[in-house]
Structures are given as C-alpha cells and as structure tokens.
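Inspection log for the structure reproduced underneath, given as structure tokens.
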Amino acid sequence: MTTDTQLTMAEVLQTAEAKKVRRRLDFAYEPIPSFACFDDCSACCFNSAETSMIEFANILDHMKTLPDEQLNKVIRKTVLYEFLHLVTLDHKCPFLESGKCSVYEVRPLRCRFFGMYPDDEYMDQKNDSLEANEVLLKEYKEAGVKLPKEVVTYDIEQCDAARQGASPLLIPKTERELLEDRVYSLDSEVFGDPSEGMQSDRFTFLYVSSAMPDQNEMSRLRHSATNEFLESGTHEVLETMLSLGVFGLQK
Ligand code: SF4
C-alpha cells in the first residue's frame, strides 16, 4: 500500500527503537522454514525487495550499526538503484555484497519466501510484474522517455534450491498468506492506523522517500536523473545529492 503521507527517517528510527521491532519480527519470522542456497548464487537478489513498514524500520535500525564506510556504500547503492533501476540493469539490491546478503539476519519476508513458491504461483507473479512494467513503459513513453526494453522485460528465474531432495520446501498460497498476515499486521500494531501513512514498497523507495519526504522534489529528481543517464550514461545529479548528505542516515 502506498499513500501520500510519508514518515521521515527520524520517525521510523524512533519507532524502531521504542517498539522493539527486531524482537517482534524475529518472533513473526520464526515459523518460516529456511534452506541452503546454492553456493555463490544471488540470482534472487537482483531487485530491491519489497518490505512492510516494520521490516523497513528493522533494516534501518540494523543499518545504524554498520561502520561508516559500509553504510555510505549501502546508501549510495540504494540511491543509484532507486533512481536508475528502470533505465539500467547495472544496479542490484543494495545489500548484496560480494554475492552475499549483508543484512541476512534482518532480511524481509519476500527474501525469506523466495524459492518456496509453487511454479504456477511464481509464473503468475512474474506475469503480473511484466504487465506492470509494460504500463510503466507506456507512461514514460508518453512523457517523452524511452525506457530500455531489456530492463523492463528482465525477469528472475524460479529458484531450484528449495526443491532439491525428497521433500521440496514449497509454501502454498494459503499458508504464505497466514505468515504474511503475521508480519504485515505488525505495521498497524507498531505504527498505528494503517490509513495514516503506512506503506509497503521496495526498500529503496521507502529509504529515499523517508530521506526526501517532499514527493514533488523526489519526482523532479527522478526525471532529471533518468534523463541524464539516458542522454550521457552518467549520474552526476545523484552523486551531488549524495555528497550533500541529502540521503544520509541520522544515527
Ligand atoms: S535483502 Fe538480502 S536476501 Fe534480500 S534481495 Fe537484498 S541481498 Fe538478497
């Protein structure tokens, strides 16, 4: 869910600490089975994963503990991904570091589920996402921006790691929805009435919009960054914003 009301990063961080979100989420994630990934496979970490608000707060709270150099690297990758992921395949999930998840202990539900979708459900999700991208392609075209076809048609293959061996780990939709409810219902418990500014979205979107709550300003930046990249392959406008500390995380 996305609304026009955006919490600032400081508000999200205060809530994370006051409401002990890590403890609540660890408990909610507990029944989700896990499996060993194939060595050095990070195929599912191509996109920035969707998070609920409490998951977003949990990851932000964890980011505060990172050493400055690593934190700055993650923030830079977050910003470049968010503003350029529709125009280039160069940027992946900002937490992917040398083929591994650098926030594995606080990774969101979507990452925990990956590989455990039955094939037909995975295909449905993939088709929905390709359809949504087709809509974006048209919207941008109408605004005079030609998004690269290879980016909007890119898709991630189903993961086979969970289905190795005699008992494949697949979670059918009904069970998944129960687990999702367990996590997503925490949003209203922790942040109050969901109609007042709650949203789930990709991590990178939530991050940049909590750092830059003025959505008009963000939209202008998105257009200038997209145009700059398509015209010259550079991202100076974003580098300038980063150097000014616009997207910094206040520890
Ligand atoms: S948060 Fe971690 S597991 Fe999830 S997509 Fe990013 S790197 Fe992969």
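Being closer than 22 Å to V208 by Cα and open to solvent by less than 10 Å² (accessible area, probe 1.4 Å) is a description that applies to V79. For the range 210-231, the count of residues that are closer than 18 Å to L60 by Cα and at pLDDT 95 or above is zero. Of all residues in the range 119-128, exactly one satisfies the criterion of being polar (S, T, N, Q) and modelled with pLDDT under 90, namely Q125. Restricting attention to the range 141-159, the residues that are among the acidic types (D, E) and over 22 Å from the mean Cα position of the chain (by Cα) total 1. Only residues that are within 24 Å of F247 (Cβ to Cβ) and more than 15 Å from the ligand (Cβ to nearest atom) were counted across the range 20-53, and they come to 3.
When restricted to residues that are among the hydrophobic types (A, V, I, L, M, F, W, C), part of a loop (DSSP other than H, G, I, E, B) and within 15 Å of the ligand (Cβ to nearest atom), the range 66-88 contains 1. Looking across the range 42-65, the residues that are part of a loop (DSSP other than H, G, I, E, B) and open to solvent by 60 Å² or more (accessible area, probe 1.4 Å) come down to N47, T65.
The lone criterion from (1) in contact (Cβ under 8 Å) with a residue 60 or more places away in the chain; (2) touching a helix residue (DSSP H, G or I) at 6+ places or on another chain (Cβ under 7 Å); (3) not in a loop (DSSP other than H, G, I, E, B) left unmet by Q199 is number (3).
The set of residues in the range 213-251 being open to solvent by 70 Å² or more (accessible area, probe 1.4 Å), polar (S, T, N, Q) and touching a residue at least 40 places away in the same chain (Cβ under 8 Å) consists of Q250 alone. Quick check on the range 93-103. Is at least one of its residues within 10 Å of the ligand (Cβ to nearest atom), open to solvent by 60 Å² or more (accessible area, probe 1.4 Å) and more than 30 Å from E228 (Cα to Cα)? Yes, the range 93-103 has at least one match. Checking each residue in the range 12-53 for being acidic (D, E) and in contact (Cβ under 8 Å) with a residue 12 or more places away in the chain picks out E17, D40, E50.
Residues that are open to solvent by 40 Å² or more (accessible area, probe 1.4 Å), within 11 Å of the ligand (Cβ to nearest atom), under 19 Å from R222 (Cβ atoms) and not β-branched (V, I, T) are absent from the range 109-127.
The values are calculated or read from the model by the stated rules, or taken from the named source; none is laboratory data. The structure presented is a predicted model; accordingly, all values stated were derived computationally and were not measured. Methodologically, a virtual Cβ is constructed for each residue, glycine included, from the backbone with ideal geometry; neighbour enumeration extends over all protein chains shown. Just the protein is used for accessible areas: all its heavy atoms, side chains included, with ligands, DNA and RNA removed. Shrake-Rupley method; radii C 1.70, N 1.55, O 1.52, S 1.80 Å.
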